[in-house]
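Bear in mind that the values in this text are calculations on the coordinates, not laboratory data. From a predicted model like this one, the values you see are computed outputs, not experimental measurements. Quick reminder, even Gly has a Cβ in these numbers, built from the backbone with ideal geometry, and neighbours come from all protein chains shown.
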Amino acid sequence: MFPYPEASWDVVDGAMFMGWGTSLPGMTTVIAMVICVAVLVIGQRSEAAKAKKFDK
Amino acid sequence: MEEQLAELVAKVAELEAAGGGAAVTNTFFAETFYYLTIPLMIIIHAGFLAYEMGASRLKNVLSSGVKNILAFAFMIPTFYFFGWWVYFGFPTGIPGAPGPNGISGVEYANAIAWGWGDSAQYMGPNIADQISGVFFGAFALFAATTASIMSGAVIERIQTVGFIILAVTLGSFAWVVAAAWGWHADGWLVQNWGVHDFGAAGLVHAVAGFFALGVLVNLGPRIGKFNADGTANHIPGHNMPLTVVGLMLIIVGFFGFLMACVVPPGEGWSWFADKPATIYGTPITLSALAFNILMAVAGGIIGSWLFTRDPFWMMSGALAGIISTASGLDIYFPALAFIIAFSAGIILKPCADFLENRGIDDAVGAVTVHGTIGLYGVVMLGIWGAGYPSLQGAAGEAPTISLIGQIVGAVVFFLLGFVPGYVVSLILKMLGMLRIPEGAEIAGMDLVKVPAAGYPEWGGDAPVTPAHPAE
């Protein structure tokens, strides 16, 4: 996953993170966004279900 | 003409003076950068102190604190006496031959890391060497962190002196060997296997976590932790808010810990003239740390909240987030760090339950948070970071990160933690120095060990309840 053709730091003069120049950064960003939304949805559902048990 | 020459000479002198000033400024900045990691890392200890005391019952709160404070106090001198020497002496393994970078081996360590003879000039105030003490201080704080990690796991039943012996074994020897092998440009794990562990997920966290596991096997659970049928009880600490704030303080301190993994540029001891480097001599930026640490903290919290909703596990998830990405904080993409941290937050509690269901009473989940997640982080980097050069050098000459190499590193770190922890605690057990007697444990360790009361006007402990009520 080294984003340069030669496995040497001597050739690195810019972005040095995994996946630079591929679709990985964009894909992981989208996945991270989906995780945030999904966790909020699940959290809301389960909290609402628990709160209902206390309704009189 | 003469006037012009004189002006020129004066100008050159002025420029030289300005250049010298800039060099001094850089030197002082570089030293200050590293020096400031020391107080920041002491915040880790404030955090562990609060976390452990909060997780203790009222009757044990001060003795847990005393134990933690003493571990810190003994770690510093023992690391000065021999830990620093071990780090430089054995990167290439035993018997301590010099490595290719010329900054390792027993002969080198003898010349710079003993507090006596000629070597003592580098182990005390010296106008010609203004950096050795700063590096020593940061490494001593790494050592103290390992002791604090183990400290939380063994609360409420360990003897003080036995604990200090274990802490010294871990902090001034076991993790130092791991650091020499896997966190040094001459380390054999780095040179031969391309092991990369920038933020010490394996060589600090996993070593300390599995050292704690080795101790817990011999120490045994607290009275009342397990029922006759083997089911576990939850023994609540006396102050969850204190524990949670303590965990947050550890997060703050970790910015200093990870800052200390960066070598500033432009000095005789720097890797580069113009850019900061990791301890391996590979480039890194503070920007990488800011992006990735923050995303990892967030991912860990969100992952652990999803299934636990428990602030203790959420803040432990924050720690797990950092630890799971620590090996590659220099090269991860932030969103990828978030996803890895999120997964660590999710697996955290099930991993802790796995240990608990096997009769291990880890009072604060240290084995899981630091040990299991530490190894998880080391291996994750092998999956995502394969192909990255582990050191400086031309392509084909510098070793590269690989999954196999990271797994080898993980196995070595596990053994360097578990084996010394198990063996030394077994010896202490045989000598009657490991566990406090049953009567004293039931009465409370503060009554035995501390001539003061944590909360003199308060009542008794919270009730012990089943750890897994649904089972």
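Hey, which of these cross-link pairs are over 28 Å Cα-Cα: B:K11/B:K275; B:K429/B:K449; A:K53/B:K225; A:K53/B:K59? Don't skip to the end; give the middle numbers.
On the way: B:K11/B:K275 30 Å; B:K429/B:K449 19 Å; A:K53/B:K225 31 Å; A:K53/B:K59 36 Å.
Over 28 Å Cα-Cα: B:K11/B:K275; A:K53/B:K225; A:K53/B:K59.
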**OP:** State the answer as a single residue: which of B:G133, B:I323, B:A452 lies farthest towards the positive end of the charge dipole of chain B, with beta carbon charges of +1 for Lys and Arg and -1 for Asp and Glu, about the Cα centre.
**Re:** B:A452
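Given contacts defined as C-alpha pairs under 8 Å and at least six residues apart, what's the relative contact order of chain B, whole-number percent?
Numbers: 956 pairs, mean separation 107.3, N = 471.
Averaging sequence separation for qualifying contacts and normalising by length gives 23 percent for chain B.
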**OP:** Output ³J(HN,Hα) for the range B:261-267: one whole-Hz value per residue in order, computed from phi by the Karplus curve 6.51 cos²θ - 1.76 cosθ + 1.60 with θ = phi - 60°, and x for Gly and Pro.
**Re:** 8, 10, 9, x, x, x, 10
Original post:
When we measure straight from the Cα of A:K50, which lysines land under 22 angstrom away, once same-chain ones fewer than 8 places off are left out?
Top reply: B:K349
**OP:** Collect residues whose amide H, placed 1.01 Å from N in the peptide plane, falls under 5 Å from the amide H of B:N233; neighbours closer than 5 in sequence don't count.
**Re:** B:F226, B:N227, B:A467
Original post:
For the protein assembly as shown, with the dipole built from +1 on Lys and Arg beta-carbon atoms and -1 on Asp and Glu ones, taken about the Cα centre, which of B:L40, B:L355, B:L403 lies farthest toward the positive end?
Top reply: B:L355
**OP:** Grab the DSSP H runs of chain B that are 4 residues or longer, score each as -39,500 (n - 2.57), total them, divide by all residues and round the 222 nm result to the nearest 500 deg cm²/dmol.
**Re:** -19500 deg cm²/dmol
Original post:
Among B:I38, B:I404, what is the fewest-to-most ranking by other Cβ atoms within 10 Å?
Top reply: B:I404, B:I38
